[in-house]
C-alpha cells in the first residue's frame, strides 16, 4: 500500500484505473482483489482506495454511506493519486456509481478519459422501481459497465429497457451475480473465466478511447 492506495500492475502502464469499493465491503475484499488482479494482468496500472466511512469500520465505527455525499472524496482520491498518463475511474457497485456521478465534470476538464463500472447498482435489490439511472441518460464520458446477467441490482432482462446514454457500453457476463460470479454447473463458466473476459474487454475498450 502506498499513501492509502493499493497498487498493482506495471508502473509504466499506458492507462491507470482508479477503483472504489462497494457499499458493504472494503477495497481489499475478495471480489475487489480478484478484479484488480485481472485488470493488472492485462497491463493496466490499478489503484484501489477506500472511502473514509469504510476506513472507519476497520476501527469499529459503523456509519452507513450515502453515495451522493462521497463525490468529494472520490475527487480527492484522484488528486492524491496524481496518475501519470490517461486515467480511467470506476469501481465496484456503489464505487462505480459514485465515479459515474463525478465523471462528466472530470472528463470535460481533461482529468479522465473513461469510466468503468463493475456491477452497476441500477436499483436496490428487490426494488426495480427505485432506479439510479437519471444521470446515466446524459452521461457523456465513454463508459464500460460489466454486469452479470442475474445481478439483482440490474439483470439483463431489465437493463436494456432503461434510457441510457449511447456512450455506455455494457458487457454481459452469463449467469454472473453482483460480483460477476457465475454458477459453474449452470453456466459452464467459472469466476476466473468471467474476470478474464472482463479484463480483456476492458483492455480492448480502453484502446479505443480518444486520448
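The values are calculated or read from the model by the stated rules, or taken from the named source; none is laboratory data. Everything numeric here is computed off the predicted structure, so don't read it as measured data. Neighbour counts run over all protein chains shown; Cβ positions are idealised from the backbone, glycine included.
For (1) under 26 Å from residue 135 (Cα atoms); (2) surrounded by fewer than 18 Cβ atoms within 10 Å (Cβ to Cβ); (3) at pLDDT below 95, each residue gets a yes or a no:
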{"site": "1", "(1), (2), (3)": "no, yes, yes"}
{"site": "41", "(1), (2), (3)": "no, yes, no"}
{"site": "48", "(1), (2), (3)": "yes, no, no"}
{"site": "72", "(1), (2), (3)": "yes, yes, no"}
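Within region 149-182, being touching a helix residue (DSSP H, G or I) at 6+ places or on another chain (Cβ under 8 Å), outside any loop (DSSP other than H, G, I, E, B) and closer than 19 Å to residue 125 by Cα holds for one residue alone: 173. Among all positions in region 134-144, there is at least one residue which is more than 20 Å from residue 20 (Cβ to Cβ), assigned to a helix (DSSP H, G or I) and touching a residue at least 24 places away in the same chain (Cβ under 8 Å). The set of residues from region 3-39 being over 17 Å from the mean Cα position of the chain (by Cα), surrounded by 14 or more Cβ atoms within 10 Å (Cβ to Cβ) and modelled with pLDDT under 95 comprises just one member, 4. Taking the listed residues 38, 83, the one that is touching a residue at least 24 places away in the same chain (Cβ under 8 Å) and under 22 Å from residue 104 (Cα atoms) is 83, with no other qualifying.
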